[in-house]
1. Here are A59, A42: which of them is in contact with a helix residue (DSSP H, G or I) (Cβ under 8 Å, 6 or more places away or on another chain) and at negative phi?
2. Quick check on my filter: what residues within the stretch 88-115 are more than 16 Å from the chain's Cα centre (by Cα) and either open to solvent by 40 Å² or more (accessible area, probe 1.4 Å) or modelled with pLDDT under 95 (or both)?
3. Which residues, taken from the stretch 221-234, are of a type in the set (A, V, I, L, M) and open to solvent by less than 30 Å² (accessible area, probe 1.4 Å)?
4. Which number in (1) at pLDDT below 95; (2) open to solvent by less than 80 Å² (accessible area, probe 1.4 Å); (3) farther than 24 Å from L76 by Cβ; (4) in a helix (DSSP H, G or I) marks the one condition that W148 misses?
5. Which of the residues spanning the stretch 184-199 are open to solvent by 30 Å² or more (accessible area, probe 1.4 Å) and within 26 Å of the chain's Cα centre (by Cα)?
6. Is it true that some residue in the stretch 60-83 is over 20 Å from A232 (Cα atoms) and open to solvent by less than 40 Å² (accessible area, probe 1.4 Å)?
7. For the stretch 309-319, what are the residues that are within 25 Å of the chain's Cα centre (by Cα) and open to solvent by less than 70 Å² (accessible area, probe 1.4 Å)?
8. Inspect all residues belonging to the stretch 69-79 and state whether any of them is within 19 Å of H244 (Cα to Cα), at pLDDT 95 or above and in contact with a Pro (Cβ under 7 Å, 6 or more places away or on another chain).
Amino acid sequence: MMEELVHPQKRSGVLEKRLDRFALVPAASALCYPFLLKAFHALVGTQAVTPSPLAVASATLILAVAFGVPFLGLALACRPTANLGARRLAYASVASPTLYVFLGVVQALVHSPIPDEIVWCLIWLAIAIWSQSARNPDAVPVPAVGRWRVLHGLTAAVLCLYVLFHLTNHLFGLIGPDAHASVMKIGRVAYRSGVGEPLLVAAMIFQIATGLVLAWRWSAAAQGFHRTFQVASGAYLSLFILGHMNSVFIYARSFLGIPTDWNFAIGAPTGLIHDAWNIRLLPHYALGVFFVLSHIAAGLRVVLIAHGVDRRNADRLWMTCVAMSVVVAAAIIAGMCGVRIGALAS
């Protein structure tokens, strides 16, 4: 009793950590994610049905909320008072859109009779329980990421050539599938060759491994906004690339035996918007484009500051790149959803 009276602030701090009301919010938002997409599809319906203006407005709002799930996780990962489990749970929720696609593909591969939503909820309940059992270390050491970060950055610099070509290729979708196919045919001479494809896959696997190592180590302690964004976007991209390779190499080529062309990317013939399964691809793709460009920009910001560039100028450049990332992501998704430059001009 006397100790409690003498140390009331210490006791209050312990209770505050135990009663962190934001700790499970990322898991709750991730649990809601697939049901937001189901609600969107229920309002939009199939291509044969023309939704009312009210339904379109409601569906747009719901989709915006679904897009907000990873950004809510990003905001909660920035909290300096979050404990280790809550912080890593927040980082995990950032990857919800790409994880949900990954889950759907794996479910199809194993012919699972259990609906994706049920498996999804069980996974996130397990992650939430784990997050509550994770304990903060008594002393948080500075993450030893020097060599990993350099190797990760050097590999990323080389892969930027492929990434920029790949995104430019998708921008040609705004002209039409034939234009996209023509550009892709040129690129595949290099990255689908007997030498190019194994090297590309090996580099991607290395990026995944080093990216997850860096994300795990940096997430051990609270970081500033820019570092948190870099870690969160990197975690998203690691899982996005892993899922994308699974979809291309295992699901499409081996399991279905189909070409990974424009029709495969947009989920033809129903497309991204009007199919209950394919709608999950829309946030998955859009955020993939946004995060890959803004993540590259975040890495460039770190390099510029390390080489003496004024931090404010580096931050302005990063913000400009983030804005451009939004524009490019929106343009690519518009093309995948059927928007054409010629139609807009007319």
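The values are calculated or read from the model by the stated rules, or taken from the named source; none is laboratory data. Since the model is a prediction, treat every value here as computed from it, not as a measurement. Heads up, the Cβs are rebuilt from the backbone with ideal geometry, glycines too, and the neighbour counts pull from every protein chain shown. To get the accessible areas, we keep the full protein, side chains included, count just its heavy atoms, and leave off ligands, DNA and RNA. Shrake-Rupley method; radii C 1.70, N 1.55, O 1.52, S 1.80 Å.
1. Exactly one of A59, A42 is in contact with a helix residue (DSSP H, G or I) (Cβ under 8 Å, 6 or more places away or on another chain) and at negative phi, namely A59.
2. Scanning the stretch 88-115 gives V106, L109, V110, H111, P113, I114, P115.
3. Answer for the stretch 221-234, where residues must be of a type in the set (A, V, I, L, M) and open to solvent by less than 30 Å² (accessible area, probe 1.4 Å): A221, V231, A232.
4. For W148, the exception is condition (2).
5. Kept after step one, since they are open to solvent by 30 Å² or more (accessible area, probe 1.4 Å), are these residues of the stretch 184-199: 185-186, 188-195, 197-199.
Scanning the stretch 184-199 gives R188, Y191, R192, E197, P198, L199.
6. Yes.
7. Scanning the stretch 309-319 gives A314, D315, W318.
8. yes
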